[in-house]
Every structure is written in C-alpha cells, then in structure tokens.
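The values are calculated or read from the model by the stated rules, or taken from the named source; none is laboratory data. Bear in mind the structure is a predicted one, so any value in this text is a computation, not a measurement. When we count neighbours, we look across all protein chains shown, and the Cβ atoms used for this are built from the backbone with ideal geometry, even at glycine.
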Amino acid sequence: MFDFLASIYPWVKSLHVMAVLSWMAGLFYLPRLYVYHAERGEGAGEPAQSFAIMEDKLLRLIMNPAMIVAWICGLALVLTPGIVDWTMIWPWIKAAGVLGMTWFHMWLAGQRRALAEGRGLPGRRYRLMNEVPTLLMVGIVLAVIVKF
C-alpha cells in the first residue's frame with residue numbers, strides 16, 4: 001500500500017492543495033457573510049433569507065466537501081513513506097493548525113444554525129473571528145515551507 005501511495009504522491013498532493021484552497025476560501029468568506037447577516041439581515045424577510053441560503057450552500061456544497069478531501073489527501077500524504085519526519089517540529093505545528101482549522105469550521109457551522117434561529121453574535125465578533133483562519137494559515141504555511 002505504501003508503494004502505491006508513493007506512486008500517486010504528486011496527484012494526491014495536487015488534490016490536497018486544491019481542496020485546501022477551496023476550504024480556505026470558504027473559511028475566509030463565511031465569517032464575512034455572517035457579519036453582513038448580523039448587521040443587515042434582521043427579520044425573517046430579505047436580506048436575511050438570501051444570507052441564510054448563501055451561508056448554507058457555501059458550507060454544505062463547498063466547504064464541507066473541501067475539508068473532507070483535504071483531510072483524506074492529507075492523511076494519505078502523511079502515510080506516504082519519506083514525506084513526514086515526525087522527529088521535527090513542523091508536522092506537529094501543521095497538525096495543530098489543521099485541528100484548529102477544523103474546530104473553526106465546526107464553530108462556523110454552529111454559528112450558521114445560531115443565525116438561522118435568530119441568536120447569532122454581533123457583527124463585530126464575526127469580524128474578529130474572521131482573523132482566525134488567517135493566523136492558522138500563516139502558521140501552517142510557515143511550518144510546511146520552512147520546516148523548522
């Protein structure tokens with residue numbers, strides 16, 4: 001099996017990068033939609049309905065599948081012989097960052113439900129939370145590229 005993973009490594013890595021890009025785009029955009037929803041989407045009519053539809057489709061149709069593919073490909077890369085040296089610090093930093101991204105994704109899913117039920121957070125709070133994926137991304141990219 002490990003020989004098979006080594007033979008398809010460039011394909012798995014390519015798919016992993018594409019999935020991560022899609023996932024990150026959603027992680028950057030969904031909190032911004034929440035800001036608009038919290039500040040301009042009051043009431044049951046428009047624009048609240050439009051925000052709810054956009055939020056739901058972004059999460060279910062783009063972010064969830066992208067996260068799943070990123071995880072599957074990432075685990076396949078970790079299992080490929082010679083790719084990860086667990087005696088170094090960088091894979092542990094990346095793993096922590098990926099777990100942080102996954103937690104943030106799940107937090108966003110919970111906030112989508114909260115907004116749909118009319119109990120979301122203020123727009124300012126979503127603005128602050130919008131910085132979380134950026135900080136995690138910086139840590140992950142530096143760890144993977146610099147390999148400290």
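Could you grab me the full set of residues in segment 129-141 that are of a type in the set (A, V, I, L, M, F, W, C) and touching a helix residue (DSSP H, G or I) at 6+ places or on another chain (Cβ under 8 Å)?
Met129, Val132, Leu136, Met137, Ile140
Before we move on, is Ile140 β-branched (Val, Ile, Thr) and either farther than 30 Å from Asp3 by Cα or surrounded by 14 or more Cβ atoms within 10 Å (Cβ to Cβ) (or both)?
Considered against the rule, which asks whether it is β-branched (Val, Ile, Thr) and either farther than 30 Å from Asp3 by Cα or surrounded by 14 or more Cβ atoms within 10 Å (Cβ to Cβ) (or both), Ile140 comes out as yes.
Mind checking which residues of segment 48-65 are among the small types (Gly, Ala, Ser) and loosely packed, with under 15 Cβ neighbours inside 10 Å?
Ser50
I need the helices (runs of 4 or more DSSP H) fully contained in segment 1-113, keeping only those with at least 1 residues that are under 19 Å from the mean Cα position of the chain (by Cα) and either at pLDDT below 95 or aliphatic (A, V, I, L, M) (or both).
Filter on segment 1-113 gives 9-40, 48-57, 64-79.
Here is a yes/no grid of residues against (1) on the phi < 0 side of the Ramachandran plot; (2) small (Gly, Ala, Ser):
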position: Leu27; (1), (2): yes, no
position: Gln49; (1), (2): yes, no
position: Leu58; (1), (2): yes, no
position: Gly82; (1), (2): no, yes
position: Ile89; (1), (2): yes, no
position: Ala109; (1), (2): yes, yes
position: Ile140; (1), (2): yes, no
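What's the number of the only condition in (1) over 23 Å from Tyr126 (Cβ atoms); (2) surrounded by 17 or more Cβ atoms within 10 Å (Cβ to Cβ); (3) out of contact with any Gly (no Cβ under 9 Å at 6 or more places or on another chain) that Gly26 fails to meet?
(1)
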